[in-house]
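For reference, the structure is listed below as structure tokens.
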Amino acid sequence: MGNIIDYVNNFRYTFAEREFSEVDSLVLCQLSYLKMKNLIPGLEDGQDFVSFKEVAVREHEEQIFADERYREDNQKLVEAVLNSRRFAELKLNYYVDILDKEMEIQFSAVTCLPGKDAAGEQICYIVYRGTDENLVGWKEDFTLAFSEPVVGQLYAARYMRKAAGHLSGKFYLGGHSKGGNLAVFAAMSSSAVLQERIIQVFSHDGPGFKPQVLERYEYERIADKVNKILPGSSLVGMLLEHGDSYNVVESSSYGLWQHNPYTWVVDPEDGTFQHRENLKNGARLMDTAVTDWILSLDDEQVGRFSDVLFRVLGASEADNLIDFKNDWKKSLTGILQELKEMDEETKDETEEIIRELFEITGQMTKREIQSRIQEGILNMQEKFSRKKERKIKLGIDI
């Protein structure tokens, strides 16, 4: 078994020989994390698609691998793609990359043509980038879980309408993490005509939506086209997830680290994820608790908590996670100073909101323990009953 890098290195079939899959989707989603601004035509440029081989040249390396979190794995993936028979024809266009600290937006999307299918038709895939290393994006992620809708989601819907207007025929769309949420929002908020052109929507560990958002945009219209894929210990993807219409894959890591696409287990020869029956019990418990906590807060509480949380992080004077990590002493000093200067009322409100989370988690844990005890008792009773039945059949005096 391997990961998406091993898959790209070893899967020798073209898209004409083996159809586009959920693993291909994750490969393109991870490529969207590359920093390719000014290397690919924009949405309004009116230029032709460019070959990925023209983009991923040596002189562009410092730019495209700027995200330190995935640098080493991204380099391996890009090398694999460049030498892959399956992705040899990959082309890109309509690149958008927006980072606005004042409006608290981190949005990026690109349209991919990975190759032609068995009928000779061009496969089209619109992909939204998930949260990158910028703190603005993490705050937007936080807001995304509580608000309805956020600016990034409206950008995603607009992008799909514009990009689809340049494309002929049907298309896929998707993303990893926040990108998966944006893809689903774009699909469910679009017109019926545009929805007919969507083949499938991939949400790779992307968070869900508040119930009122799903109702307002009539999610059911596109529900059967959504393929939501989660690792066994998903936290991000299970946020505000209200059903069980998702597929679970194995990960080579544990806990929150399973959110990293490079940990998802793939059979490189067969070209499929290694699936598991369901989420791990601990993950399901925490996901339910966090979702209940989110839904228990009103908009005013959410706004205050979000402002306080990211005001404290902003005091580190770091704009992104890389700077935060590289100069953690300075970052920590700024945070501690901000906490000291926080007024008592704000402290009390923040503590109350956090206390609510721990109370809900505690209640969930208690119910889970009781459920397991009850399940254990029933199993013991069932075993005893079977044993008793066997003894009766054998004529043993009981």
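The values are calculated or read from the model by the stated rules, or taken from the named source; none is laboratory data. Computed from a predicted structure; not experimentally measured. Glycine gets a Cβ as well: all are built from the backbone with ideal geometry, and neighbour counts include every protein chain shown. The accessibility values were calculated without ligands, DNA or RNA, using every heavy atom of the protein model including side chains. Shrake-Rupley method; radii C 1.70, N 1.55, O 1.52, S 1.80 Å.
Of all residues in region 48-62, those satisfying the criterion of being at pLDDT 95 or above and exposed (fewer than 15 other Cβ atoms within 10 Å of the Cβ) are 48, 51, 53, 54.
Only residues that are open to solvent by 10 Å² or more (accessible area, probe 1.4 Å) and either under 18 Å from the mean Cα position of the chain (by Cα) or closer than 19 Å to residue 99 by Cβ (or both) were counted in region 185-200, giving 1. Report, by residue number, each residue of region 209-245 that is at pLDDT below 90 and surrounded by fewer than 18 Cβ atoms within 10 Å (Cβ to Cβ). The answer is 211, 212, 242, 243, 244, 245. Using the structure shown, decide if residue 299 is at pLDDT 90 or above and either more than 25 Å from residue 74 (Cα to Cα) or open to solvent by 30 Å² or more (accessible area, probe 1.4 Å) (or both). Criteria not met by residue 299.
Every condition in (1) open to solvent by 40 Å² or more (accessible area, probe 1.4 Å); (2) basic (Lys, Arg); (3) modelled with pLDDT under 95 is met by residue 139 except one, and the failing one is (1). Being among the small types (Gly, Ala, Ser) and without any contact (Cβ under 8 Å) to a residue 60 or more places away in the chain holds for only one residue in 56, 16, and it is 56. Of the residues making up region 158-183, those that are open to solvent by 10 Å² or more (accessible area, probe 1.4 Å) and either of a type outside the set (S, T, N, Q) or in a helix (DSSP H, G or I) (or both) are 158, 161, 162, 165, 166, 167, 169, 170, 172. Does any residue of region 197-209 turn out to be assigned to a helix (DSSP H, G or I) and either free of Cβ contacts under 8 Å to residues at least 60 places away in the same chain or under 24 Å from residue 110 (Cα atoms) (or both)? Yes: region 197-209 contains one or more residues that are assigned to a helix (DSSP H, G or I) and either free of Cβ contacts under 8 Å to residues at least 60 places away in the same chain or under 24 Å from residue 110 (Cα atoms) (or both). Screening the candidates 271, 206 for the property of being on the phi > 0 side of the Ramachandran plot, at pLDDT 85 or above and among the small types (Gly, Ala, Ser) yields one hit, 271. Residue 19 fulfils the conditions (1) under 25 Å from the mean Cα position of the chain (by Cα); (2) over 28 Å from residue 263 (Cβ atoms); (3) open to solvent by 30 Å² or more (accessible area, probe 1.4 Å) except for a single criterion, (2). Inspect all residues belonging to region 6-15 and state whether any of them is in contact with a Phe, Trp or Tyr (Cβ under 8 Å, 6 or more places away or on another chain) and closer than 22 Å to residue 200 by Cβ. Within region 6-15 (the criterion being in contact with a Phe, Trp or Tyr (Cβ under 8 Å, 6 or more places away or on another chain) and closer than 22 Å to residue 200 by Cβ), the answer is yes, since at least one residue qualifies.
Here the helices (runs of 4 or more DSSP H) wholly within region 1-115 that include at least 1 residues being under 21 Å from residue 177 (Cα atoms) and among the acidic types (Asp, Glu) are 22-31, 71-82. Just wondering, is there one or more residues in region 22-33 that are among the small types (Gly, Ala, Ser) and open to solvent by 40 Å² or more (accessible area, probe 1.4 Å)? Checking region 22-33: not a single residue is among the small types (Gly, Ala, Ser) and open to solvent by 40 Å² or more (accessible area, probe 1.4 Å).
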